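Structure record follows, encoded as C-alpha cells.
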Amino acid sequence: MKHLLTMAVALASATALNATESTDSVRPAHMLRAVEVLGIKNSAGSEQAEAITRISGAQAKTLQVESAHQLGEIAPNFHMPSYGSRMTSSIYVRGIGARMDQPVVGLTIDNVPVLNKDAYDFDLADIESIEILRGAQAVLNGRNSMGGQINIRTLSPMTATGMRAGISYGSGNTVSANAAYYHKLNPQLAMSLSGQFRHTDGFFRNAYDNSRLDHENSGGARWKTVWRPSPRLSFTNTASFATTRQGGYPYASMETGEIAFNDTCSYSRTMFADGLTVAWAGKRVVVTSVTTAQYLSDDMNLDQDFLPLDYFTLRQKRNEWTFTEDLYTRGRRGSYGWLGGVFAFYKDTGMDAPVTFKDAGISRLIEHNRNEVNPDYPIRWDDRRFTLGSDFTLRAGGVAVYHQSSYEIGRWRLEAGLRLDIERSSLSYFSHCSTGYTTYHVLPDGSKEVFSHSPVNIADGGSIAKTFVEFLPQFTVVWQHEAFSPYFNFSKGYKAGGFNTQMFSDVLQGKIMSEMGIAAPYSLEQIVAYEPERSFNYELGFHSTTAGGELGIDGVLFYIDCRNQQMTTFPAGTVTGRVMTNAGRTRSFGAELSLRWNATEDLSFQASYGYANATFRKYNDGRYDYRGKRVPYSPSNTIFAMADWRIPRLGFLGIVPEISADVRGAGDIYWNEANTLKQNLYATANLTVGFRAEEWNVKLWCKNLFNTSYDTFYFMSIGNSFVQRSQPRTFGVTFNMSLR
C-alpha cells in the first residue's frame, strides 16, 4: 500500500552478496509491468532518486533480521534502539525521530501499512526482501513518513515451493522456531501457511526479588494467497496473527547502578491484520487497490517510579481497529509517466489507563507537598492506596489525494508530486477518582486533633477534536546513467498531531492539590494536545556502479528544516507522566556514504557511514533556552560494515563453509536537551560461521562478540535518573532446511 519494494522481482533472483545497496540507475523496461501487476507502489519515474537500502531474504537471515526492530544501523543514519519492551519501537533517522505516539518512519508488510508504531516490533519469518528509504516519503505515503519508509515483503507462494523450517537456540535459553509450506494449486492459484514461535528467559534480573525481567513468549502465523486469473489481473491476500507475552522495562537507577523495583512490569499484545491487493494492468495504465483491516489489543503494566518503594503504577489496556484503502493508478506514455491516487484511513482506539497511588507516593508526592504549605493543619490520606482513573476513546480518520508526474528529456528526468492530506482527530475522556483525607490541627503542645474530613470525588469528562490539513510537495531532478546517476530532491513531510493521554493522571493530581488549596500545576488546555511536526528536506546524492556491477557506491548530502518538532519530555517536579511538546524549530544536516564490493563470486564487502548534526534552532521550555544544543536521542554517527565469504574449495560432500562478520555502531547520543549526559560512540561486532548444503544449512553465531557495554535509553521519573543497559555477549546455533 505504501511505497513498496520497487525492485521486488529483481531482488527475488538476486544473491545476498548484491543485496544491501542497489546502485542500478536504469530499470529494464520488461521488468516494469511485472512489478506493477503485483500491486507494488513506487515512484512515477523509472528509478527512485533517493537514499535507499535494500536487503535480500538471504542477507536478512545472515544478519538475523526477523523484525523491523533489528534493522538499526544497517542503513546509514537509521537508528532503532532496543529498550523497554516490544511496545517501545522508537526510530531516529537523520536527526529526527519519535519516542512515543506518532512515528517518523512508515512501515508496510506485504502492502499492509502499520499505522501504530507500538506494533512495529514483532517476529516475521521467510522475508523475501526489505527496503529502507530515508528522507521524506510524504507524496506517496503521507502522514508519519517524514523520516523514511520501511517496506517488508515475505515470500510469495507463486515463486517459493515446498517446505521450509528452521530452529535456533542461544544464550538466555532463547529458542525460536519457524515453519512454512508453499504450494501452487495450479498455474493461477497458490497458497502458503507459515508460523513461528520464540521463547527467552532474558538477560536482566530485578535485584529486588531476583526475578528475570525480559522473559518472553511470542508467536504468530501468516496465510498468504495469490490468484492470477489472467496475465493482466492479480489478487494477493495476506492474513496474519501475532501474539506476545513478555516482561521488560529493565531500567537501572543511575544512582545505584541496580535494576530494583517492587511492582510488576510486563507487556502483552495480540494483533491481527488482513490485506487484499488487487492489481489490473491495461495496455497503458495499471490500477491497484489495497484494502486492509487491522486489530491491536495490548496491556502494559508499569512500575512508574522503578524504585523498591510503593509510589505508583500504571496499567494501560488498549483495543484498536484500523481500516485503510489505497486506490491508485499509474501509467506511461513515451517520456511521460504518472502515478496518482486516493488514500483513506480510519482508526478507533479505546484505552483504559489508571494510575494507582500507593503509600510512598501518597506520603511524598501529595501529603508532603501539602503539609509544607500549611504545617499547622497537616493532612493524612484516609486510604494508603487510591486510583486516578482515565478512560479514553481516540478516533482519527483522514483522506488524501496525491499525484506524481515524471518526464524524461534525454538522460534527464524531472519528477514533481503533490499530496493533500486532511485528517480529523478526536479525544473523548472520562477521568475519575474517589478518595479522601483528614485534616489535623497541631496544638501548642505538639499533639494533633482532628479538624475535618474532606472527601475527594472527581468525575470529569469531555471531548476535544482537531482538524489538520497538509499540502505536501515534492520535486526531483535526476541525470540517468548506467555508471553514475546524480540527483537532487526536495520534499515536505509531516508527523501528525495528537493528544497526551499519559498526562491525565497529573491533571487529576493537580485537581486534587487544588482542592487542598495548592494551585494545580497543569491544566487540560495546556498539555492535552500537540500540533503536527513538519519538515522541509533537501537532498543531493548519487548512485554509482561499475559496468559489471562489482562495485557500487551511493552518497548523499542532506539538510532538514524541522518546525514544531515533537519532543517527549518529563515535566519538572514529581509528576507521573510524559508529555509530548512542540519544540519550536530544529535543523539537521549531514552526509551518508554506502559501498558494496563483490570482490569475487564468493566474497563480498559492504560498508556504510552516516553523519547527522541535529540542533535546536528555537526551543525554550520556559526555564532554559536550548538554542544550539543537540537534539537528544538521535545519534550523530552510525556505522555498518559486513563481509561475506563462501569457501567452496574447502567444501566436502557438497557441504560448503561460510563466514560472515559485521560491525554496527552509533553515537554520540545525547540524553537531554541540556546536552549534559550522553552515550559515546560505540560499536558491536557479530560473527557467524556456517555450513551449507543444497537443502539445509547450520550456523554458529555470536552477537556482541567483544561484550561491548553501552546504554540504549535514558529517562527521568520523579527526579530520579534511569538507563537501560545493552544486552551482553550471546552465542547460539541455527539450523534451516528447505524441501522442494
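The values are calculated or read from the model by the stated rules, or taken from the named source; none is laboratory data. Note that the structure is predicted; figures quoted are calculated from it, not measured. All Cβ positions, even for glycine, are placed from backbone atoms using ideal geometry, and neighbour counts span all protein chains on display.
Summary of values
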{"read-out": "Among (1) at negative phi; (2) buried (at least 17 other Cβ atoms within 10 Å of the Cβ), the one test that residue 231 misses", "value": "(2)"}
{"read-out": "Failed criterion for residue 661 (all others in (1) among the small types (Gly, Ala, Ser); (2) farther than 20 Å from residue 56 by Cβ; (3) in a strand (DSSP E or B) hold)", "value": "(2)"}
{"read-out": "Checklist (1) surrounded by 14 or more Cβ atoms within 10 Å (Cβ to Cβ); (2) at pLDDT below 90 applied to residue 653, failing item", "value": "(1)"}
{"read-out": "Those residues of region 186-203 which are touching a strand residue (DSSP E or B) at 6+ places or on another chain (Cβ under 7 Å) and of a type in the set (A, V, I, L, M, F, W, C), in sequence order", "value": "189, 190, 191, 193, 197"}
{"read-out": "Looking only at region 220-247, and only at residues there that are touching a Gly at 6+ places or on another chain (Cβ under 7 Å) and without any contact (Cβ under 8 Å) to a residue 40 or more places away in the chain, the one that is nearest to residue 202 (Cα to Cα)", "value": "243"}
{"read-out": "Checking residue 408 against (1) at pLDDT below 90; (2) more than 30 Å from residue 495 (Cβ to Cβ); (3) crowded, with 17+ Cβ neighbours inside 10 Å; (4) not aliphatic (A, V, I, L, M), the condition it does not meet", "value": "(1)"}
{"read-out": "Any hit, region 428-447, residues being closer than 27 Å to residue 326 by Cα and touching a residue at least 40 places away in the same chain (Cβ under 8 Å)", "value": "no"}
{"read-out": "Residues of region 468-483 satisfying the condition of being within 17 Å of residue 405 (Cα to Cα) and touching an Asp or Glu at 6+ places or on another chain (Cβ under 9 Å)", "value": "471, 472, 474, 475, 476, 477, 478, 480"}
{"read-out": "Filter result for residue 712 (of a type in the set (Val, Ile, Thr) and in a loop (DSSP other than H, G, I, E, B))", "value": "no"}
{"read-out": "Subset of region 538-571 that is within 23 Å of residue 627 (Cα to Cα) and polar (S, T, N, Q) - its residue that is modelled with the highest pLDDT", "value": "564"}
{"read-out": "Top-ranked residue in region 691-734 [being among the small types (Gly, Ala, Ser) and surrounded by 14 or more Cβ atoms within 10 Å (Cβ to Cβ); ranked as nearest to the chain's Cα centre (by Cα)]", "value": "726"}
{"read-out": "Qualifying residue in region 395-416 (condition: assigned to a strand (DSSP E or B), without any contact (Cβ under 8 Å) to a residue 24 or more places away in the chain, farther than 30 Å from residue 142 by Cα and of a type outside the set (A, V, I, L, M))", "value": "no"}
{"read-out": "Unique match (being touching a helix residue (DSSP H, G or I) at 6+ places or on another chain (Cβ under 7 Å) and over 26 Å from residue 113 (Cα atoms)) among 310, 303", "value": "310"}
{"read-out": "Per-region count, region 358-370, residues over 12 Å from residue 309 (Cβ atoms) and surrounded by 18 or more Cβ atoms within 10 Å (Cβ to Cβ)", "value": "2"}
{"read-out": "Enumeration of residues in region 204-228 that are surrounded by 19 or more Cβ atoms within 10 Å (Cβ to Cβ) and aromatic (Phe, Trp, Tyr)", "value": "204"}
{"read-out": "Which listed residue is part of a loop (DSSP other than H, G, I, E, B) and under 27 Å from the mean Cα position of the chain (by Cα), from 676, 615, 638, 688", "value": "676"}
{"read-out": "Restricting region 572-583 to residues that are buried (at least 16 other Cβ atoms within 10 Å of the Cβ) and of a type outside the set (S, T, N, Q), the residue that is modelled with the highest pLDDT", "value": "583"}
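Conditions (1) within 24 Å of residue 556 (Cβ to Cβ); (2) in contact with a Leu (Cβ under 6 Å, 6 or more places away or on another chain); (3) at pLDDT 90 or above, marked per residue:
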{"residue": "71", "(1), (2), (3)": "yes, no, no"}
{"residue": "74", "(1), (2), (3)": "yes, no, yes"}
{"residue": "85", "(1), (2), (3)": "no, no, yes"}
{"residue": "94", "(1), (2), (3)": "yes, no, yes"}
{"residue": "101", "(1), (2), (3)": "no, no, no"}
{"residue": "141", "(1), (2), (3)": "yes, no, yes"}
{"residue": "149", "(1), (2), (3)": "yes, yes, yes"}
